[in-house]
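Okay, so here's the structure we're looking at.
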Amino acid sequence: MGLRSKLGLIFVLVSSLAILVLCVAVYTQAQSARLDRTRSFADERIQAAAQSYERTEIPVFGARLDDPELPPQLRAAVLDGKRATFKTASPDARMWAAVSVKDGQILSIQQEYDANDPSMNALRRALILGGIGTVALVALGSVIAAGSLSRRIVAVAGTARRIASGDLDASAAAAAGKGKDEVQALATALDTMASSLRGQLEAERRFTADVAHDLRTPVTGLLTAAELLPPGRPSELVRDRAKVLRRLVEDLLEIARFDSGVEQVDLEHVGIGAFVGSAVGRLRMQQSLAPDSVVVHRIGREETISTDSRRIERILANLIVNGLRHGRPPIEVTVQGRTIEVVDHGTGYPEELIAEGPRRFRSGMAERGVGHGLGLTIAAGHAKVLGAELTFGTAPGGGACARLVLPNRPDTEP
């Protein structure tokens with residue numbers, strides 16, 4: 001049950017209870033007033049009958065002396081010297097009035113007391129119909145009010161999801177609408193949090209870009225100087241570390257470009273299956289890989305789409321290298337339509353990476369090796385620029401599985 005339904009139900013229940021109590025109180029008060037009027041009328045008649053009897057000794061208004069049907073409670077009250085009235089219980093309800101006259105006799109009168117009085121029946125119907133109508137109006141009003149509140153909360157929740165997906169310029173206060181209630185306070189707090197997060201991310205982006213830019217020149221000089229060292233094992237180690245450092249700087253610069261949002265796609269028509277096969281072949285040559293270390297499977301017919309082939313090749317290279325480095329060969333690359341899967345036979349991706357996606361400088365579990373955690377981050381960045389969906393999971397037979405689903409652009413060839 002949603003918030004709107006809960007609030008509407010609460011409003012209806014509370015209003016129904018209040019209206020029920022009010023109707024019962026009104027009806028009870030009307031019954032009490034009717035009984036009081038009947039008692040007063042009977043008391044006036046018995047007084048007039050007693051005064052007439054004192055003068056003429058003739059009972060009037062249907063009065064009787066020492067009526068054997070006189071209720072015992074009323075007889076006892078009159079014998080105590082009181083003038084009293086008494087209503088008998090239903091179904092044959094009657095209103096009695098009695099008083100003591102000369103010679104110790106009791107003069108009494110009686111009249112019918114109809115419980116189904118037309119006026120009370122009309123009042124009861126009016127209260128029932130009015131109560132139902134009021135509950136219906138309250139229900140309608142509560143649904144409208146709760147719906148407005150629910151829509152504002154849903155709008156704020158949608159803005160929070162947009163912020164979580166990276167749209168830090170989204171405004172929750174604008175989504176919450178005008179007002180100074182708790183929803184607006186929540187939206188303002190969410191905007192404050194997003195603003196603070198935006199500042200921290202911007203500072204991180206500037207730091208990454210500045211560090212990478214400042215390191216590029218000295219690292220290039222270091223690599224050039226390392227090439228001039230005399231042959232030998234120490235020189236090879238220095239050149240190897242210098243190359244690793246240069247790749248790290250280049251990765252940081254690439255991530256900085258993703259953060260700045262300046263990356264654009266260079267579209268061309270590409271046959272996905274054939275292109276993946278050739279890209280894997282080029283990677284084997286560059287990395288000096290064995291032919292059976294990376295296996296390509298093509299399922300279904302060849303599909304040609306409009307995409308950026310350079311970015312797809314970069315994504316594939318990062319996924320395959322990550323599998324070779326942290327998993328176990330062979331790396332299986334499967335192409336089916338617009339979907340490309342890269343599966344290794346290692347221990348699989350960490351649960352945190354599967355749930356939250358890759359993060360820079362987080363390489364995952366120790367059993368999957370060490371690294372800077374930038375390869376998958378760069379792959380995810382290229383996928384975002386392409387408008388593709390890159391997800392990480394576990395292969396059915398075990399091992400890590402990365403799935404890239406390319407977008408179906410309007411200009412895709414049949």
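The values are calculated or read from the model by the stated rules, or taken from the named source; none is laboratory data. On a predicted model such as this, the values are computed, not experimentally measured, just so you know. In this analysis, Cβ positions are derived from the backbone assuming ideal geometry, glycine residues included, and neighbour counts consider all displayed protein chains. For accessibility, only protein heavy atoms count, side chains too; no ligands or nucleic acids. Shrake-Rupley method; radii C 1.70, N 1.55, O 1.52, S 1.80 Å.
Compute and list, largest first, the equivalent-ellipsoid semi-axes of segment 56-111 from the alpha carbon gyration tensor, each √(5λ) rounded to a whole angstrom. Write down the numbers at each step before the final one.
On the way: eigenvalues 71, 37, 13 Å².
Equivalent ellipsoid of segment 56-111: 19, 14, 8 Å, largest first.
What's the extension gain from A122 to R83 if we count 0.36 nm per residue and subtract their Cα-Cα distance?
Details: separation 39, 0.36 × 39 = 14.04 nm, distance 3.36 nm.
Working it through step by step, the gained length comes to 10.7 nm.
Dipole of the chain (Lys/Arg Cβ +1, Asp/Glu Cβ -1, origin at the Cα centre): which of A380, Q287, A402 lies farthest to the positive side?
The listed residue farthest towards the positive side: Q287.
Counting pairs of Cα atoms in segment 9-92, how many percent are more than 23 Å apart?
Numbers: 1557 of 3486 pairs.
Percent of Cα pairs beyond 23 Å in segment 9-92: 45.
Largest first and to the nearest Å, give the Cα extent of the chain along each principal axis.
Taking the Cα atoms of the chain, the three principal extents are 152, 47, 42 Å.
Counting only Cα, what are the radius of gyration and maximum Cα-Cα distance Dmax of segment 185-334, in Å?
20.8, 68
Determine the relative contact order of the chain: mean sequence separation of Cα pairs under 8 Å and six or more apart, normalised by residue count, in whole percent. Please report the intermediate quantities before stating the final value.
Values: 565 pairs, mean separation 40.8, N = 414.
With pairs under 8 Å counted, the relative contact order is 10 percent.
Using every Cα-Cα pair within segment 267-360, state what percent have a distance larger than 21 Å.
Here the tail beyond 21 Å accounts for 34 percent of pairs.
What nm value, rounded to one decimal, do you get for the distance between R359 and F61 when each label is placed 7 Å out toward the C-beta?
Going from the R359 label point to the F61 one covers 9.4 nm.
If one computes P(r) from the Cα atoms of segment 124-210, what percent of pairs lie at distances over 15 Å?
Working: 2513 of 3741 pairs.
Counting every Cα pair in segment 124-210, those more than 15 Å apart make up 67 percent.
Identify the trypsin sites (Lys or Arg not before Pro) of segment 168-222 meeting these criteria: DSSP loop state and at most 15 other C-beta atoms within 10 Å of the C-beta. Could you put the intermediate results ahead of the total?
Details: sites: K178, K180, R198, R205, R206, R216; in loops: K178, K180.
Taking segment 168-222 and a limit of 15 other Cβ atoms within 10 Å, the loop trypsin sites (Lys or Arg not before Pro) found are K178, K180.
Using the Cα atoms as the points, what is the convex hull volume per residue of segment 203-254 in Å³? Display every interim value, and only then the final one.
Details: hull volume 2.9 nm³, N = 52.
Convex hull of Cα atoms, per residue: 55 Å³.
What number do you get for segment 75-188 when its Cα radius of gyration is normalised by 2.2 N^0.38 Å, N = residues?
Details: Rg = 33.6 Å, N = 114, 2.2 N^0.38 = 13.3 Å.
Compared with the compact-globule rule of thumb, segment 75-188 sits at 2.53.
Probe of 1.4 angstrom, ligands and nucleic acids ignored: what's the accessible area per residue over the chain, in square angstrom? Mind dumping the intermediate values first?
On the way: 23830 Å² over 414 residues.
Per-residue value: 58 Å².
For segment 265-315, state the average projected area of the convex hull of the C-alpha atoms over all orientations, rounded to one decimal in nm². Numbers along the way, then the final one.
Details: hull surface 15.1 nm².
For the Cα atoms of segment 265-315, the hull's average projected area reads 3.8 nm².
Please report, as a whole percent, how much of the solvent-accessible surface of the chain comes from carbon and sulfur atoms (probe radius 1.4 Å). Display every interim value, and only then the final one.
Values: 13750 of 23830 Å².
Percent of accessible area from carbon and sulfur atoms in the chain: 58.
Could you tell me what fraction of 2.2 N^0.38 Å the Cα radius of gyration of segment 1-153 comes to, as a two-decimal ratio? Each step should come with its number before you reach the end.
Working: Rg = 25.6 Å, N = 153, 2.2 N^0.38 = 14.9 Å.
Ratio of Rg to 2.2 N^0.38 Å for segment 1-153: 1.72.
Pull up the DSSP beta bridges for the chain and report the antiparallel fraction as a percent, rounded to 5. Walk me through the numbers on the way to the answer.
Numbers: 33 of 39 bridges.
Restricted to the chain, the bridges split so that about 85 percent are antiparallel.
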